[in-house]
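Engineer: Take a look at the following structure, please.
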Amino acid sequence: MPLDPRIRAVTDRIRKRSEALRAAYLERLAQAVEAGPARAHLACSNAAHAFAASGADKATLAGGRAPNIGIVTAYNDMLSAHQPYEHYPERIRAAARAAGATAQVAGGVPAMCDGVTQSRPGMELSLFSRDVIALAGGVAMSHDCYDAALWLGICDKIVPGLVMAAASFGHVPAIFVPSGPMPSGLPNYEKAKVRQRFATGDATREELLAAEMASYHGPGTCTFYGTANSNQMLMEIMGLHLPGAAFVNPGTALREALTDAAVARAAAITALGNDFRPAGRILDERAFVNGIVGLMATGGSTNLVLHLPAMARAAGIVLDVQDFADISAAVPLLARVYPNGLADVNHFHAAGGMGWLIGELLAAGLVHDDVVTVAGDGLELYARDPKLIGGKLAWQDAPRESLNTRILRPAADPFAPTGGLAQLSGNLGRGVIKVSAVPADRHVIEAPVRVFHDQEAVKAAFRRGEFTDDVVVVVRFQGPRANGMPELHALTPVLAVLQDRGLRVALVTDGRMSGASGKVPAAIHVCPEAADGGALAKLRDGDVIRLDAGAGLLEVLTPGVLDRAPVVADLSGNAHGTGRELFARLRAEAGAATEGASIIL
């Protein structure tokens, strides 16, 4: 199927916008490829340090003829998704030897769990941890001893940070190795009901904890379709996973076979062989467009609207919020996975998963097929499913028909005609809204505002019974420069309760919502942020705002608001505790949310 002209137009626009930056990036990549890994050129003392602890691999490493694979791992026990990585290095080293290669852990990167830090001060480090991960990944790879790299990471900021690092070392082939989602537990919609009951005082803390533990119950990624699983979809559709690797459960024979195959493939695509596939060549404008298409087709996390521009910039590609909006307008919603449906990612995988989805997008002409991937040339390689046949890993064509049309539907009969993400602009600035899970009659909200400076104040007003009429809740001074842009996850149950009571409710904020944000309309990532004197800092209680997702409008209708002096908030409470003092320079230097809110690019 020929590529949809709307997708081609966005791709061409990105290519033209990025021309100078991308050319400079590719020139640096070519120079690094020409120089090659330094391992063969190390002085004897340097080499001895590099191989001193390598045991049986020492002679192979010293010979310098076999590929050496660097492992960058985000393992820790705090993240259920990353806990399986504890023993991956042992398996990878063994698989590398079987492939005639060696492997070394090049370094570790931090990985925080947003599920633990939600609504806590530590969440104010969350967004910036992405750039810290990129920096740590750079340190790991700086030894310049690796012919390829395996990147072990899954969750919210970890994959974007690792991609930024992999792009910065774009002359080195890179394969991302997932661990897979935990098996299904308590359905996410049942858990959400208990959260809402707790918010109204109708459920005890013991009931809430029991529900949460029944949902988050073992090793593996959380099963809702938030940022972590959106990341896994991205790595597959962008060609950085092996086909079908994203959603295979941990601890299974297929999961282990896919890990072994990733090692063998990494050894095969180095510059030492005949199929060199450096990461920087894979990460071009077509790969990023494919990633955004996948995000829209599945109703993925709004956090990626922040992360993808930063990831792309590391590879010399410039993305704009308008690119997301235009792609969303061209791409139908093909998946219903919680929070925009009842299914979890295990159900999505069983219904056809990534193989079916990519095949359907190719058939509809909505993604670029002419891409370079770690598996080979052409995205059609990813319209396949991995199978263990006679104990050996093989790929077969994925089903062409959805196995459950309540979860996956074809482009000719989608759940919605668009991907459900829109750019908002107006006299309050620019932002985005995700409406894939928002009822159609809530896409336009016009109501007086209540202004707050943190989510705890919103919850306190809710407990006092202050929300009795239609309202636009404005939570400002939540941008990257104000407090690091934490997710405002605690607002979801409160606002959902108000909406269920029949009120017309919306959220407007310069902060961000959870990757699992759902049915309440929320204008997020509003720029300029209040801490930079943006228009949000001029609002007062009672001003009337109109949010129109269909028209892409976010405006204050009350006359004279923009003539006011902006409020200057006391942000000293964000400066200390839980490591926040270490991040003061990062808050001061952070870029705009519409550009990725990066402090290094």
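The values are calculated or read from the model by the stated rules, or taken from the named source; none is laboratory data. The structure presented is a predicted model; accordingly, all values stated were derived computationally and were not measured. Ideal geometry is used to build each Cβ from the backbone, glycine not excepted, and the neighbour counts take in all protein chains shown.
Results for (1) more than 24 Å from Arg197 (Cβ to Cβ); (2) outside the structural domain of Lys538 (by TED's automatic domain parsing); (3) under 24 Å from the mean Cα position of the chain (by Cα); (4) of a type in the set (Lys, Arg), shown as yes or no for each residue.
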| residue | (1), (2), (3), (4) |
| --- | --- |
| Val444 | yes, no, no, no |
| Ala460 | no, no, no, no |
| Val471 | no, no, no, no |
| Arg476 | yes, no, yes, yes |
| Pro480 | yes, no, yes, no |
| Pro486 | yes, no, yes, no |
| Pro493 | no, no, yes, no |
| Arg501 | no, no, no, yes |
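Engineer: Next up: Only residues that are polar (S, T, N, Q), surrounded by fewer than 18 Cβ atoms within 10 Å (Cβ to Cβ) and assigned to a loop (DSSP other than H, G, I, E, B): list them for segment 10-55, please.
Structural biologist: If the condition is that a residue be polar (S, T, N, Q), surrounded by fewer than 18 Cβ atoms within 10 Å (Cβ to Cβ) and assigned to a loop (DSSP other than H, G, I, E, B), then Ser54 is the only one that fits.
Engineer: Now a separate question. With segment 94-208 as the region, which strands (runs of 3 or more DSSP E) entirely inside it contain at least 3 residues that are surrounded by fewer than 21 Cβ atoms within 10 Å (Cβ to Cβ)?
Structural biologist: The strands (runs of 3 or more DSSP E) meeting that bar are 102-108.
Engineer: Kindly indicate which of Leu582, Leu503 is of a type outside the set (Lys, Arg), in a helix (DSSP H, G or I) and within 25 Å of Ser119 (Cα to Cα).
Structural biologist: The match here is Leu582.
Engineer: Of (1) at pLDDT 95 or above; (2) among the charged types (D, E, K, R); (3) within 26 Å of the chain's Cα centre (by Cα), Asp77 satisfies all except one. Which?
Structural biologist: (1)
Engineer: List every residue pair whose Cβ atoms lie under 8 Å apart, where the two residues are 6 or more positions apart in sequence or sit on different chains, the first residue falls within segment 69-86 and is closer than 18 Å to Val248 by Cβ, and the second residue, located anywhere, is hydroxyl-bearing (Ser, Thr, Tyr) and at pLDDT below 95.
Structural biologist: Ser80/Tyr216; Ser80/Thr221; Ala81/Thr221
Engineer: For a quick check of your reading of the model, give me the residue pairs whose first member lies in segment 106-131 and is free of Cβ contacts under 8 Å to residues at least 60 places away in the same chain, whose second is surrounded by fewer than 18 Cβ atoms within 10 Å (Cβ to Cβ) and not in a loop (DSSP other than H, G, I, E, B), with beta-carbon atoms closer than 8 Å and at least 6 apart or on different chains.
Structural biologist: Taking only residues 6 or more apart or on different chains, the pairs are Gly107/Val139.
Engineer: Sticking with this structure for a sec: Kindly provide the set of residues from segment 490-526 that are surrounded by fewer than 22 Cβ atoms within 10 Å (Cβ to Cβ), touching a residue at least 40 places away in the same chain (Cβ under 8 Å) and of a type in the set (A, V, I, L, M), ordered by number.
Structural biologist: Correct list: Ala490, Ala496, Val497.
Engineer: Could you say which residue among Gly376, Gly391 is assigned by TED's automatic domain parsing to the domain that holds Val172 and surrounded by 14 or more Cβ atoms within 10 Å (Cβ to Cβ)?
Structural biologist: From the options Gly376, Gly391, the qualifying one is Gly376.
Engineer: If you don't mind, another one. Just one of His171, His143 is farther than 22 Å from Tyr85 by Cα and touching a strand residue (DSSP E or B) at 6+ places or on another chain (Cβ under 9 Å); which is it?
Structural biologist: His143
Engineer: Inside segment 350-366, can you point out the residues that are within 30 Å of Pro183 (Cα to Cα) and not in a helix (DSSP H, G or I)?
Structural biologist: Ala351, Gly352
Engineer: Sticking with this one: For the condition surrounded by 23 or more Cβ atoms within 10 Å (Cβ to Cβ), acidic (Asp, Glu) and over 25 Å from Met233 (Cβ atoms), what is the one hit in Glu529, Glu466, Glu487?
Structural biologist: Among Glu529, Glu466, Glu487, only Glu529 is surrounded by 23 or more Cβ atoms within 10 Å (Cβ to Cβ), acidic (Asp, Glu) and over 25 Å from Met233 (Cβ atoms).
Engineer: Of the numbered conditions (1) buried (at least 20 other Cβ atoms within 10 Å of the Cβ); (2) over 30 Å from Pro332 (Cα atoms); (3) in contact (Cβ under 8 Å) with a residue 40 or more places away in the chain, Ile7 satisfies every one except a single condition; which is it?
Structural biologist: Checking Ile7 against (1) buried (at least 20 other Cβ atoms within 10 Å of the Cβ); (2) over 30 Å from Pro332 (Cα atoms); (3) in contact (Cβ under 8 Å) with a residue 40 or more places away in the chain, the one that fails is (2).
Engineer: When Gly300 is evaluated against the numbered criteria (1) in a helix (DSSP H, G or I); (2) surrounded by 24 or more Cβ atoms within 10 Å (Cβ to Cβ), which criterion, by number, is the only one it fails?
Structural biologist: With (1) in a helix (DSSP H, G or I); (2) surrounded by 24 or more Cβ atoms within 10 Å (Cβ to Cβ) applied to Gly300, the lone miss is (1).
Engineer: When segment 76-87 is examined, which residues are found to be of a type outside the set (Gly, Ala, Ser) and either crowded, with 20+ Cβ neighbours inside 10 Å or at positive phi (or both)?
Structural biologist: Leu79, His82, Pro84, Tyr85
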